[in-house]
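Contents: one structure, followed by commentary.
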Amino acid sequence: MRLGSLGIQSDSKERRAHRLAFCVVAGCFLSAIPGSLVASAQAPLATVSVQTEQLGARIPEDFVGFSLEVSTAGQGIGAFGGSTSESRARVAEYALGTPEAPNKGFFQFMRNLGPGILRLGGNSQDNTCWNATAAPHPDWCKGELRIGDFRLYSEAARASGWRLILGLNLKQNSSQWALDELTHAVAKEIKPDEILGLELGNEPDLFSRAGSRPGPYSPADHVKDFLAYAEAFRQNSIAKRYALVGPATCCKWRNAQDLGTFIDGVGASKLKLVTVHSYLLTTCGGKQVTIAELLAPELMTRFNKEAESLVASARARKVPIALAETNSASCGGMPGVSDAFAAALWGLDSLFSAAEDGFSGINFHFSYRPGGSSYNPVDTYKAVDARRKQQGYQNVAKPLYYAMYLFRQSASGKHLLSLTTNSAADLRSYATSECASCAVNVVLINKDVSASGRVSVHVSNRTRRAELLFLEAPKLDSLSSEVTYGGVQFDSEGHIPTPHLEQIEPDPNGNYQFNLPNAAAALLVVPSPKQR
């Protein structure tokens, strides 16, 4: 795929001159520069070598997704609002809008990412209730789901082309009460083909902590509760049309052994998808998170190690596994970190790492806390006129969303390729292609908190002019107003102008060289040898 085929414009000569660092330029001054300085000038920040002969695993087309609270009242704890570090005055709105006024701009942000999965779950999944008066524990119902909510979910699915993972309340532990929601609300408003699966409960490994289950509540106990719902649904002619997913575990059961207990206990044949959550950092209880912690190599090493065991457990039982809820730090993220450009670099690396690890998809979570959330990929606010009357919605693409968009453009539906990277800096690189003889996409992510410089990329059997696009910001702590994708930004309705790109000719050795800033990721598209 050529970026030019997407209507992306070539950049100016001045910009190219600023970016590109050709060896021949350095060679012109060899006689005037001391040897030690020449060696230093020629030493690249990183060298990357991509092999195209053998294709790796194919990344699913719908790999990128969102995770939203199931309740239009956010987490179902009453009024929500607040702000991030970028705005202290605006009032937050639910991303999908309302049943009476759907947020069409947000649906465009979804469409930008291609076919995806919208998970509707979160804490509100087990804190809000359909027909609350009939719930076994009505005092646990902090919010109420209405028929319009399900109509809104269906509108989001139709407008975006995404499928839904719809969460049902397991905390109440009443299969017949949940069956009433499924037959009298879900089935009446949402077509079965719009739903990938029903997720029974959210983070059941925390149920006993919340007091909804007696302690100790074990994975085996959870299996019994899950199966009670599954059996009730199987015996109903309407409910049996919907597939089931789970266990949506986050914490003490997020390990291969307990995941195996769940799959074996429920039965792999009864599960459309296995889902797990991951938050390796937290701001719960007033804890702080820094940019250095978010970008630390050790964090991704830990992520990959945990993912490896979980994916292996699911694959051994022949069921796909998705990272259905994740983000930079639990409890809404860290202002100045989770909503800063550093989160884009973390998110892009997380997407590629999750794909390499074998997850079938990844959903970044949105939170609606009274004090505001910092990690939402897209923030939605109430748009008002001069008289303070609402006039639709204002959507703001956050740095994390830009990372999701770059991944969609470079990786979704494509095969991973093998490569080697040599660098003393914390630089991550990935390569993808649709076929062995197709164009190659090389993504470089500079996660180093200080290093920048020239990189050299070699793609086997490729010598044609390449195209280069940057996702960048002035600094790692830059907020969304300073983030650009090929020099342009998304507007409130999810539209983006034609990005700029640079043309790069390979040097005589077939290497593509350019400067990679500190706060940046780069997409290098190297065309097929047959492409003209």
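The values are calculated or read from the model by the stated rules, or taken from the named source; none is laboratory data. All figures in this text were calculated on a predicted structure; none of them were measured in a lab. So basically every Cβ, Gly included, is an ideal-geometry build from the backbone, and we count neighbours across all protein chains shown.
Does region 171-188 include one or more residues that are in the same structural domain as Glu69 (by TED's automatic domain parsing), part of a strand (DSSP E or B) and not charged (D, E, K, R)?
So in region 171-188, the residues in the same structural domain as Glu69 (by TED's automatic domain parsing) come out as 171-188.
Retained after the next criterion (residues that are part of a strand (DSSP E or B)): none.
Checked region 171-188: no residue is in the same structural domain as Glu69 (by TED's automatic domain parsing), part of a strand (DSSP E or B) and not charged (D, E, K, R).
Here region 478-518 is the region considered, the condition is being part of a loop (DSSP other than H, G, I, E, B) and more than 29 Å from the chain's Cα centre (by Cα), and the residue that is nearest to Asn395 (Cα to Cα) is Glu505.
Identify, please: which residue in region 41-74 is of a type in the set (Val, Ile, Thr) and under 27 Å from Thr380 (Cβ atoms) and is, among those, modelled with the lowest pLDDT? Filtering first and then ranking leaves Thr72.
For region 466-476, does any single residue satisfy the condition of being surrounded by fewer than 21 Cβ atoms within 10 Å (Cβ to Cβ), within 28 Å of Phe359 (Cβ to Cβ) and acidic (Asp, Glu)? Within region 466-476, none of the residues are surrounded by fewer than 21 Cβ atoms within 10 Å (Cβ to Cβ), within 28 Å of Phe359 (Cβ to Cβ) and acidic (Asp, Glu). Here Asn236 clears all of (1) among the polar types (S, T, N, Q); (2) part of a helix (DSSP H, G or I); (3) touching a residue at least 12 places away in the same chain (Cβ under 8 Å) except the condition numbered (2).
Of everything listed in (1) in contact with a helix residue (DSSP H, G or I) (Cβ under 6 Å, 6 or more places away or on another chain); (2) closer than 24 Å to Ala314 by Cβ, the single unmet condition for Ser218 is (1).
Selection within region 123-145: residues that are touching a Phe, Trp or Tyr at 6+ places or on another chain (Cβ under 8 Å) and not acidic (Asp, Glu). The member of this set that is farthest from Gln172 (Cα to Cα) is Leu145.
Does Ala383 qualify as being surrounded by 23 or more Cβ atoms within 10 Å (Cβ to Cβ) and among the hydrophobic types (A, V, I, L, M, F, W, C)? Answer is no for this residue. Within region 268-319, if we keep just the residues that are farther than 20 Å from Ser353 by Cβ and of a type in the set (Val, Ile, Thr), the residue that is surrounded by the fewest Cβ atoms within 10 Å (Cβ to Cβ) turns out to be Thr290.
State all residues of region 195-219 that are assigned to a helix (DSSP H, G or I) and touching a His at 6+ places or on another chain (Cβ under 9 Å); if no residue qualifies, say none. Scanning region 195-219 gives Pro204, Asp205, Phe207.
Residues in region 233-248 that are buried (at least 18 other Cβ atoms within 10 Å of the Cβ) and touching a Ser or Thr at 6+ places or on another chain (Cβ under 8 Å) were compared, and the one that is nearest to Leu323 (Cα to Cα) is Ala248.
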